[in-house]
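Undergrad: Here's a structure for you.
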Amino acid sequence: MNTSSNLFPNSNFNEVQLLAKSSDIDGDSNFPQGCQISPDLSCVLTCTAADKMLRLYNTPSCDSSSSCQTIDEDTTSTIGANNKPAISSWKTALRAQEADSVRSYCWYPLMNSHYPSSCAFIASSRDQPIHLIDAYTSLIRASYRPYNGLDEMESPSVITFTPDGSRIFASGFRSDRMIQVFDTAIPGRDATILKLGKTRRSSDGQKGMVSALSFPEGSSHFFGNNKVFAVGTYSPGSIYIYDDRRPSGDPAATVLHGGICVVGHGKSFTKKKRRFAEISIDEREIESKEGYSEETIGKHEVEEESSNRYHDDNDDVGDIFSMAKVNWYQSRARGGITQLQWSKGGTTEQSDFYVYSASRRSDAVIAWDMRVLTGNDSYPIRGIAAYPRDGDTNQRLEFDLSDDGKFLLTASQDKTVKIYDVKKGGLIKSIDGFDDVTNGISYKSHEDLGNLLAVSTGARRFMDDNNDEEMLDDNVGYGNIQEIPGSLSMYKF
């Protein structure tokens, strides 16, 4: 196992225990798509791709008498190997069948198993309303129906609760650039519409289909008022910060737009150079009186232009490394944002002002500094840190932050889970040995249960046209392309 835990001997990641691994997910191209531990840590929610099913697993326990696999720096994980230690068989406790593929799901943020009325989650599937599903009975409690400008119901691609659970934000519609906000207590089609632009094709506002929504968590957060939120979009990849208390609906600031870091409405960050020397009319009159001809004045302008161009170029030399860094961070988000998350914990003065983003075909999770939200277009918002991972794929690879905001855990295409120190940026541990791509990460801490990590694995595979004849000659059926089953695993630190 690749690990650098010796650099952080006092961290909680030196010893990792595998509590359980799912044993009931099977079928071609059937794998869990992400995962979310419930707010009270009593269960884990996921959805499987092929059977279009939402699954709920109860959190397993691990004590000194149970058989849990220990993974430390001297032990190599053998998940999926023939000689693996015995681990708990983990089966679905509750199933909720959806009519079509599930696009997004989210726990009710105040969920507590001691209060059954709070045990619920929302889910959005293709061509279906948003369903509020009971976590005890799997029955639909309520439906929220978004309608577009043609009075047609349109299912969103991304949904989330506000931190207090009072409202549901839905977006990612194909017909228009908008966010529909539902009151959780009022099902139906009544919603507040927040437009991201005047029309679908207008040049103003945020471009692209919305792909991520995120609110700051916790009442102690600097922006924890249920009003400020971040919105990410696919191509062109962009991140905007909004405050829905502003009556105009304009964004409070623009972090990214079209791969170029700006603050405003789509103006690129470019340094304007003076092509000619600025000579006032009074100066021209003085030069004419002193005997300067028009040709002499023209020659004077050319000389001044060369001099100014020389000084401007020298000024650019000092910014070349700074701009290269800015451009590198911007390029990480051009493929389209897949996840956004605000910083947690408030353990340092600046931690409340960070927003973390993951993108398609990006090899890093990026942290952005929200303290540079100014109206000055000439000063771009800059990425402050990058946490590497193998992410050259269009598949959504999730990440999560510890409750204190000190650690970042990210899924990776190389079948590992990477754990980083947020402040120092160093890799603390790399958990490997998974059977397939890790696509989902959810991390929660509890005083009694400890630190729990849920990991979902699996990826959709397609036949390569170059291998069609070879597969037919070997009598390999098309249904056997996906031979690696997806799984959901639970770890304890």
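Undergrad: Can you tell me how many residues in the range 390-403 are open to solvent by less than 20 Å² (accessible area, probe 1.4 Å) and acidic (Asp, Glu)?
TA: Final tally of qualifying residues: 1.
Undergrad: Please work out which residue is farthest from Asp243 (Cα to Cα), limiting yourself to the range 145-174 and to residues that are among the hydroxyl-bearing types (Ser, Thr, Tyr) and assigned to a strand (DSSP E or B). Spell out the reasoning first.
TA: Start the filter on the range 145-174 by keeping residues that are among the hydroxyl-bearing types (Ser, Thr, Tyr), which leaves 147, 155, 157, 160, 162, 166, 171.
Remaining after also requiring assigned to a strand (DSSP E or B): 147, 160, 171.
Values: Tyr147: 23, Thr160: 16, Ser171: 16 Å.
Only one residue tops the list, namely Tyr147.
Undergrad: Okay, next question. Taking the range 133-157, which residues are open to solvent by less than 20 Å² (accessible area, probe 1.4 Å) and out of contact with any Asp or Glu (no Cβ under 8 Å at 6 or more places or on another chain)? Explain how you work it out, then say what you get.
TA: First, the residues of the range 133-157 that are open to solvent by less than 20 Å² (accessible area, probe 1.4 Å): 133, 135, 142, 144, 146, 155-156.
Answer for the range 133-157, where residues must be open to solvent by less than 20 Å² (accessible area, probe 1.4 Å) and out of contact with any Asp or Glu (no Cβ under 8 Å at 6 or more places or on another chain): Ile133, Ala135, Ala142, Tyr144, Pro156.
Undergrad: Being open to solvent by 60 Å² or more (accessible area, probe 1.4 Å) and in a loop (DSSP other than H, G, I, E, B) is the filter; apply it to the range 378-389 and report the residue that is modelled with the lowest pLDDT. Please lay out each step first, then the result.
TA: So in the range 378-389, the residues open to solvent by 60 Å² or more (accessible area, probe 1.4 Å) come out as 378-379, 382, 384, 388.
Next cut, in a loop (DSSP other than H, G, I, E, B) only: 378-379, 382.
Numbers: Ser378: 52, Tyr379: 55, Arg382: 67.
Only one residue fits best here, namely Ser378.
Undergrad: So if I check each of Ser166, Ser202, which one is closer than 22 Å to Glu217 by Cβ, over 21 Å from the mean Cα position of the chain (by Cα) and polar (S, T, N, Q)? Break it down stepwise before answering.
TA: Numbers: Ser202 fails: closer than 22 Å to Glu217 by Cβ.
From the options Ser166, Ser202, the qualifying one is Ser166.
Undergrad: Same structure, new question: With the requirement that a residue be open to solvent by 30 Å² or more (accessible area, probe 1.4 Å) and closer than 13 Å to Gly458 by Cα, what does the range 421-438 give you?
TA: Hit for the range 421-438 is Asp435, nothing else.
Undergrad: Among Ile133, Ile193, Ile179, which is the only one that is modelled with pLDDT of 95 or more and part of a strand (DSSP E or B)? Steps first, answer last, please.
TA: Details: Ile193 fails: modelled with pLDDT of 95 or more; Ile179 fails: modelled with pLDDT of 95 or more.
Sole residue among the options that is modelled with pLDDT of 95 or more and part of a strand (DSSP E or B): Ile133.
Undergrad: Looking at the range 404-420 only, could you name the residues that are open to solvent by 10 Å² or more (accessible area, probe 1.4 Å) and assigned to a strand (DSSP E or B)?
TA: Of everything in the range 404-420, those that are open to solvent by 10 Å² or more (accessible area, probe 1.4 Å) and assigned to a strand (DSSP E or B) turn out to be Phe407, Lys418, Tyr420.
The values are calculated or read from the model by the stated rules, or taken from the named source; none is laboratory data. In this text the structure is predicted, and so the values were computed from the model without any measurement. We place every Cβ from the backbone using ideal geometry, glycine too, and count neighbours over all the protein chains shown. Protein only, heavy atoms only, side chains kept; ligands, DNA and RNA dropped before computing areas. Shrake-Rupley method; radii C 1.70, N 1.55, O 1.52, S 1.80 Å.
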